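The structure appears right after this line, and notes come after that.
The values are calculated or read from the model by the stated rules, or taken from the named source; none is laboratory data. Being a predicted model, the structure only gives us computed values, none of them experimental. Ideal geometry is used to build each Cβ from the backbone, glycine not excepted, and the neighbour counts take in all protein chains shown.
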Amino acid sequence: MENTVNIKDYLLKEQQAGQDIDANLISLIEDVSAACKEIHTAINHGALYGVLGSAESENIQGETQKKLDVMSNEMFIRHTEKSGTLAGMASEEEEDVYSIPPQYKKGPYLMYFDPLDGSSNIDVNITVGSIFSIVRCPEGVTDPKLADYLIPGTEQICAGFCLYGPSTLMIITTGNGVQGFTLDPGSNEFKLTHKNMMIPEDTAEFAVNMSNQRFWEKPVQRYVQECIDGVTGARDKNFNMRWVASMVGEVYRILTRGGIFMYPFDTKDPAKAGKLRLMYEANPMSFIVEQAGGLSSTGRERIMELKPKEIHQRVPVILGSTNEVKRVDSYHQ
């Protein structure tokens, strides 16, 4: 069956149904999707375009950048800065917030983005993605400063991610459920293929980086050990473990068949509260997961209620099927 509803059609229909979606937001999401299409093309060509390997530089987090990290960041900026929809943006790959150049019109929104999540997978041809989050710029602010970006995830009006896998998909929420769009190679448009995605409350899959096990706190140690013990343990249930080192891949799997994803607090580096960034990864993914009926927590509190302290803040992340996240939270209590 041919799918004809593209992202713009879907958003216009939501607008007509009374959703708080204006022309600026529709235009911005279209610009983000255009950036993702260009990233998709670069990834698909890989070594043919000479985009694999290290850029021989580090981002603000001290992580070695891949060539595609740098290129994807530039693509996001180039496709959105001229649109007249943004007052500013913040990227995981930029040290400071990015001001819209003075020659371009400014708009009512701020955007946070991780241009290429899971980029360590690029050279081995495993799924990667892009993550974005959109909020309203504070009232009356035309030249946003750092403090204007430091607002909790509950203020998000849109979040999404693009998954570059066997097929390229765009997953978005505007606060009215979660929709999935597949990139049609023929028309080069994202077409609605996954309507109202919902996460099952129960699961038999967990995703965690087991190499960090010795650094976890006792509540997470307890939970993972119960999963490993299977039917011979306290849960009387067998679990499967998954780990692809790409948050977009993990969350998409959870959206389609349930599961729990954890990058919990550990003592490997006491200076870091967690691995994942609050503004670019944890908040947008939490918004999506909650809109799909799941939960997202640090183990101690709801992620989207955290008041950010700085733009590159890291937090522990535990998200996915409701009953499993509640169990891990209860162990922390």
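In the stretch 272-304, of all residues being at pLDDT 95 or above and more than 17 Å from the chain's Cα centre (by Cα), the one that is nearest to residue 97 (Cα to Cα) corresponds to 301. Sub-6 Å Cβ pairs linking a first residue in the stretch 314-333 that is assigned to a helix (DSSP H, G or I) to a second residue that is among the aromatic types (Phe, Trp, Tyr), at least 6 apart or interchain, are 328/223; 331/223, ordered by first then second residue. Taking the stretch 237-261 as the range and being of a type in the set (Val, Ile, Thr), outside any helix (DSSP H, G or I) and touching a strand residue (DSSP E or B) at 6+ places or on another chain (Cβ under 6 Å) as the test, only 260 passes.
When the stretch 73-109 is filtered for residues that are touching a Gly at 6+ places or on another chain (Cβ under 8 Å) and farther than 18 Å from residue 312 by Cα, the ones remaining, listed by number, are 83, 84, 85, 86, 87, 100, 104, 105, 106, 107. Each residue in the stretch 192-221 was checked for being surrounded by 15 or more Cβ atoms within 10 Å (Cβ to Cβ) and assigned to a helix (DSSP H, G or I), and 5 pass.
Got at least one residue in the stretch 112-131 being among the β-branched types (Val, Ile, Thr), surrounded by 19 or more Cβ atoms within 10 Å (Cβ to Cβ) and touching a Ser or Thr at 6+ places or on another chain (Cβ under 6 Å)? The answer is yes; a qualifying residue exists. Just one of the listed residues (222, 242) is touching a Lys or Arg at 6+ places or on another chain (Cβ under 9 Å) and assigned by TED's automatic domain parsing to the domain that holds residue 297, and it is 242. Just one of the numbered conditions (1) more than 20 Å from residue 196 (Cα to Cα); (2) in contact (Cβ under 8 Å) with a residue 24 or more places away in the chain; (3) not small (Gly, Ala, Ser) is not true of residue 295: (1). Within the stretch 262-296, track down each residue that is assigned to a loop (DSSP other than H, G, I, E, B), within 20 Å of residue 174 (Cβ to Cβ) and of a type outside the set (A, V, I, L, M). Residues satisfying the conditions are 293, 294.
Number of residues in the stretch 300-330 that are in contact with an Asp or Glu (Cβ under 7 Å, 6 or more places away or on another chain) and surrounded by 24 or more Cβ atoms within 10 Å (Cβ to Cβ): the value is 1. Across the stretch 235-271, the number of residues qualifying as modelled with pLDDT of 95 or more and among the small types (Gly, Ala, Ser) comes to 3.
In this structure, residue 199 does not satisfy being over 24 Å from residue 100 (Cβ atoms), out of contact with any Ser or Thr (no Cβ under 7 Å at 6 or more places or on another chain) and β-branched (Val, Ile, Thr).
Yes/no matrix, rows are residues, columns are (1) among the aromatic types (Phe, Trp, Tyr); (2) farther than 25 Å from residue 189 by Cα; (3) at pLDDT 95 or above; (4) part of a loop (DSSP other than H, G, I, E, B):
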site: 4; (1), (2), (3), (4): no, no, no, yes
site: 10; (1), (2), (3), (4): yes, no, yes, no
site: 20; (1), (2), (3), (4): no, no, no, yes
site: 46; (1), (2), (3), (4): no, no, no, no
site: 62; (1), (2), (3), (4): no, yes, no, yes
site: 69; (1), (2), (3), (4): no, no, no, no
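Counting only strands (runs of 3 or more DSSP E) that sit completely within the stretch 80-168, those holding 1 or more residues that are of a type in the set (Phe, Trp, Tyr) and touching a residue at least 24 places away in the same chain (Cβ under 8 Å) correspond to 109-117, 128-136, 156-164.
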